[in-house]
Amino acid sequence: MIDPIRRNILATGAAATAMAAAPQVFAQQAGQGGAFYEKGPVRIHYEEAGSGFPLLLIAGGGLNSVISGFSRGAPFNPIAEFKGEYRCIASDLRNANGGQSSGPLEVDRPWDAYTDDHLGVMDHLGINKFMVMGFCIGGPLVWNLLRRAPDRVVAAVLAQPSGSRPEMRDLFYEGNLKGWGPELIKRRPEITLETVDKFLTKMYRNNPDFVITVTRDFVRNCQTPVLILPDDIPAHPYAVAMESAMLAPKAEVSMFPWKDPLERIPLAVRQIRSFLRAHRTVSA
């Protein structure tokens, strides 16, 4: 059972957002386009832009990662930057508030459920090999893709990746318990507080270390080329990003900081473009 303190956190978060959020969410959903991939109770909203070698894009925003996040919060919009050269594919994360994807909370395998969705969309589109770029929560999700489908992911870019700080082990658990959880329960009354707690506990508390989804040994033996653009805020620890860059045998790393001043962002985009082109060519 969820303890009283955690229940109070959820109740407080729900009360604070209940009045205004729902109409905004449904209005946003009504205006979005794209298509859907469905498998059983899972329904994933995705969009495509451009043509060329496939590039899977994962927006930041934590468990509220949605396609629109690329145009209203990311340091740059990768769809706008890369659709001229690549077939860009992006989707709303399952059960993201403000998105159109939905599915059960798989409390025993949260990260793998999201990876199932990403691979399912690519299978649905008939795509075997692809490159991937992920922001924020996209970091752990990219590493999980590399673990699950190393023969399919040609190269990966991790921009401002999430990671676990030893001094802030419950950062993601508590943040989602206050923010993501109450909104989800409001929209999906069949989901209980206890289920949300179990899901977040498995996702962020049972093994809260390093890049969250894989071990240091996995990164040390990963043969996929990766480009890492570190950040340095509580949710995107610089030390973890750099440790993964040092461990991965085919890793490259950007300048730091690359987002501040803003004039540096085009340089970072240029590096990403060169990295993608190099590995697209090798794959082709």
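The values are calculated or read from the model by the stated rules, or taken from the named source; none is laboratory data. No experiment lies behind these values; they were computed from the predicted model shown. All Cβ positions, even for glycine, are placed from backbone atoms using ideal geometry, and neighbour counts span all protein chains on display. Ligands, DNA and RNA are excluded from the accessible area calculation, which covers all protein heavy atoms including side chains. Shrake-Rupley method; radii C 1.70, N 1.55, O 1.52, S 1.80 Å.
List of remarks:
- Scanning the stretch 66-96 for residues that are in contact with a Ser or Thr (Cβ under 9 Å, 6 or more places away or on another chain) and polar (S, T, N, Q) turns up Asn77, Ser91, Asn95.
- Residue match in the stretch 83-105 (condition: out of contact with any Gly (no Cβ under 8 Å at 6 or more places or on another chain) and open to solvent by 60 Å² or more (accessible area, probe 1.4 Å)): no
- Pairs, first within 19 Å of Ser65 (Cβ to Cβ) in the stretch 172-201, second modelled with pLDDT of 95 or more and of a type in the set (Phe, Trp, Tyr), C-beta under 7 Å, six or more apart: Phe172/Tyr204; Tyr173/Tyr204; Leu200/Tyr173
- Within this structure, Phe218 fails the test of being touching a residue at least 24 places away in the same chain (Cβ under 8 Å), in a loop (DSSP other than H, G, I, E, B) and of a type in the set (Phe, Trp, Tyr).
- Within the stretch 114-144, the set of residues being free of Cβ contacts under 8 Å to residues at least 60 places away in the same chain and either open to solvent by less than 10 Å² (accessible area, probe 1.4 Å) or in contact with a helix residue (DSSP H, G or I) (Cβ under 6 Å, 6 or more places away or on another chain) (or both) comprises Tyr114, Thr115.
- Residue within the stretch 168-189 that is assigned to a loop (DSSP other than H, G, I, E, B) and surrounded by 23 or more Cβ atoms within 10 Å (Cβ to Cβ) present: no
- Failed item, numbered, when Glu194 is tested on (1) under 19 Å from the mean Cα position of the chain (by Cα); (2) surrounded by fewer than 16 Cβ atoms within 10 Å (Cβ to Cβ): (1)
- Selected residue [part of a loop (DSSP other than H, G, I, E, B) and over 17 Å from Arg165 (Cα atoms)] from Thr213, Thr224: Thr224
- Residues located in the stretch 59-73, provided they are of a type in the set (D, E, K, R) and in contact (Cβ under 8 Å) with a residue 60 or more places away in the chain: none
- Identity of the residue in the stretch 257-284, outside any helix (DSSP H, G or I), out of contact with any strand residue (DSSP E or B) (no Cβ under 8 Å at 6 or more places or on another chain) and not basic (Lys, Arg), that ends up nearest to Val153 (Cα to Cα): Pro257
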